[in-house]
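The values are calculated or read from the model by the stated rules, or taken from the named source; none is laboratory data. If you're wondering where the values come from, they're calculated on a predicted model, not measured in any experiment. Here the Cβ positions follow ideal geometry from the backbone for every residue, glycine too, while neighbour counts run over all protein chains shown.
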Amino acid sequence: MVAGNYIYMDNAATSCPKPKEVIDAVCHHLSTLSANPGRSAHSLSLEASRALFNARQTVADFFGAVNSRNIIFTLNVTEALNLAIYGILSRGDHVVTTSMEHNSVMRPLRHLESEGVIDLSVIPSHTDGSVDMDGVAKSVRPGKTRILAVNHASNVTGTIADIKALSDIKGKALLLVDAAQTAGCLPINLQGMGVDLLAFTGHKALLGPQGTGGLVISKGAEQIMPIKRGGTGSNSEFEQQPDFLPDRLESGTANGCGIAGLARGIEIIKALGIENIRSHEKKLTEIMLEGLKKIRRVRVYGPLDPDRQVAVVSINIEGMSPSDVGYALDRSFNICVRTGLHCAPSAHRTIGSFPQGTVRLSMGLYNTEDDVEKTIDALTWIAEHG
Amino acid sequence: MTVFVFYSIHDVMKAEQVINASGIAIDIIPVPKQISSDCGMAISLKIEDKERLEDLLAACDIAIKGVYRRISSKEWITDYKKS
Ligand SMILES: Cc1ncc(COP(=O)(O)O)c(C=O)c1O
């Protein structure tokens with residue numbers, strides 16, 4: 001879809017445009033429900049509490065969580081990942097992760113490693129971005145490995161990880177999944193997939209506003225400790241943090257209007273059917289990959305297979321820097337893409353595009369086949385003239 | 001009047017949802033001062049409906065923190081409470 005006069009190919013960063021229903025839900029909340037949820041029992045506060053509760057239920061149903069109290073709302077997936085990592089790990093724990101992780105996983109883990117708190121094994125992934133399953137299986141130390149942290153799909157190559165298979169080899173470790181690139185465009189079921197902790201962000205394929213996200217906690221990971229403490233509305237007579245969920249992990253007034261928008265985004269996805277969204281995005285990916293093959297001087301990274309990736313395609317044009325390609329796409333063709341390292345330097349080392357990075361074309365629900373064809377035409381022109 | 005107190009606002013909201021489907025008439029009120037200094041909310045209902053509500057909450061796995069009964073405008077007695 002053209003957002004204004006632009007073709008938006010940066011959905012892996014944030015989905016755009018937002019559906020009108022989401023905008024309306026945010027506005028409705030701001031104009032009628034903006035009392036403080038859970039802090040008082042007057043009618044307007046109750047309405048705000050109900051809205052927050054309903055949103056929690058919507059998220060819980062969507063991801064197949066055991067109970068809606070196991071949904072912890074956060075600002076984004078970065079905060080959810082920090083909560084999982086700092087809330088679970090303690091001195092002496094071992095953690096296994098992959099070289100394809102975003103800095104929102106890598107930096108907290110590297111921090112704990114440099115502080116001498118954890119022992120970290122980063123398993124190099126294959127050059128198409130796929131997980132080295134043998135490498136992971138061999139690195140898991142029985143009784144020692146506390147977390148296995150992986151992304152469900154890479155934000156650089158789109159490569160989808162087999163979460164169920166990872167769950168089978170994690171041993172007693174908790175499987176922490178960064179679903180930033182998949183929540184809203186691939187089916188996710190916590191129990192069916194054997195996920196212990198699922199971190200998601202609201203502003204990408206879930207179609208919600210920025211400043212929304214969360215952590216979904218399975219029964220087996222409920223012992224997670226808070227990283228923030230403060231007012232929760234419940235148990236105000238005590239100076240200690242409540243020990244029950246969601247209050248233990250959620251302090252301070254929530255992003256009520258944002259969460260209302262997120263819940264509406266999820267309802268839209270449910271109504272459309274996630275399988276239909278997936279096939280639409282697969283089709284766009286297929287057209288993109290086919291078109292790119294025909295352009296001389298273009299190198300495409302990743303699995304090159306719509307079945308094995310989400311609608312994220314990273315490329316480079318031989319002899320040109322990614323930023324020059326991105327600039328030309330934007331200024332000459334009104335096509336918005338993201339270039340560079342995408343907050344994942346280790347992933348670019350893995351696929352062989354460090355330090356210059358790549359040009360990332362990422363499609364979403366509202367892109368059309370025409371958008372993809374125009375992008376291919378533009379890239380063809382740039383490759384010939386650039 | 002009987003008042004049910006819960007551990008979290010989330011549980012009150014969940015209780016309200018299942019109660020609405022059951023037809024029991026309730027009100028959500030600020031937790032009375034005599035019961036607790038909590039700034040949160042509680043569910044009040046007619047004494048006759050107390051056992052029905054207990055059964056319903058047990059069936060839905062919603063924990064009750066305490067049940068209280070009002071015997072005069074200022075006096076409450078505790079049916080039971082958990083820590
Ligand atoms: C795989 C992955 N993890 C984490 C993030 C961070 O997302 P957010 O900025 O919403 O926390 C992103 C997106 O930027 C991502 O693609």
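Quick look at the numbers
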item	result
Residue in the stretch B:46-55 that is modelled with pLDDT of 90 or more and at positive phi present	no
Restricting the stretch A:163-180 to residues that are away from the ligand (no atom under 16 Å from the Cβ) and assigned to a loop (DSSP other than H, G, I, E, B), the residue that is farthest from A:Gly129 (Cα to Cα)	A:Lys172
Unmet criterion (only one of (1) closer than 23 Å to A:Val59 by Cα; (2) part of a loop (DSSP other than H, G, I, E, B); (3) of a type in the set (Ser, Thr, Tyr)) for A:Thr157	(1)
In the stretch A:335-362, the residues that are among the polar types (S, T, N, Q) and not in a loop (DSSP other than H, G, I, E, B)	A:Thr339, A:Ser346, A:Thr350, A:Thr358, A:Ser362
Residue within the stretch B:27-34 that is of a type in the set (Lys, Arg) and within 14 Å of chain A (Cβ to nearest Cβ) present	yes
Residue in the stretch A:232-246 that is closer than 20 Å to A:His102 by Cα and either within 16 Å of the ligand (Cβ to nearest atom) or out of contact with any strand residue (DSSP E or B) (no Cβ under 7 Å at 6 or more places or on another chain) (or both) present	no
Meets criteria (without any contact (Cβ under 8 Å) to a residue 24 or more places away in the chain, assigned by TED's automatic domain parsing to the domain that holds A:Gly129 and surrounded by fewer than 23 Cβ atoms within 10 Å (Cβ to Cβ)) for A:Ala41	yes
Hits in the stretch A:200-215 - residues which are touching a Pro at 6+ places or on another chain (Cβ under 8 Å) and more than 9 Å from the ligand (Cβ to nearest atom)	A:Leu207
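Table: residues versus (1) farther than 30 Å from A:Asp24 by Cβ; (2) of a type in the set (S, T, N, Q); (3) within 14 Å of chain B (Cβ to nearest Cβ).
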residue: A:Gln210; (1), (2), (3): no, yes, no
residue: A:Val216; (1), (2), (3): no, no, no
residue: A:Lys219; (1), (2), (3): yes, no, yes
residue: A:Ser234; (1), (2), (3): yes, yes, yes
residue: A:Glu237; (1), (2), (3): yes, no, yes
residue: A:Gln241; (1), (2), (3): yes, yes, yes
residue: A:Phe244; (1), (2), (3): yes, no, yes
residue: A:Glu250; (1), (2), (3): no, no, yes
residue: A:Asn255; (1), (2), (3): no, yes, no
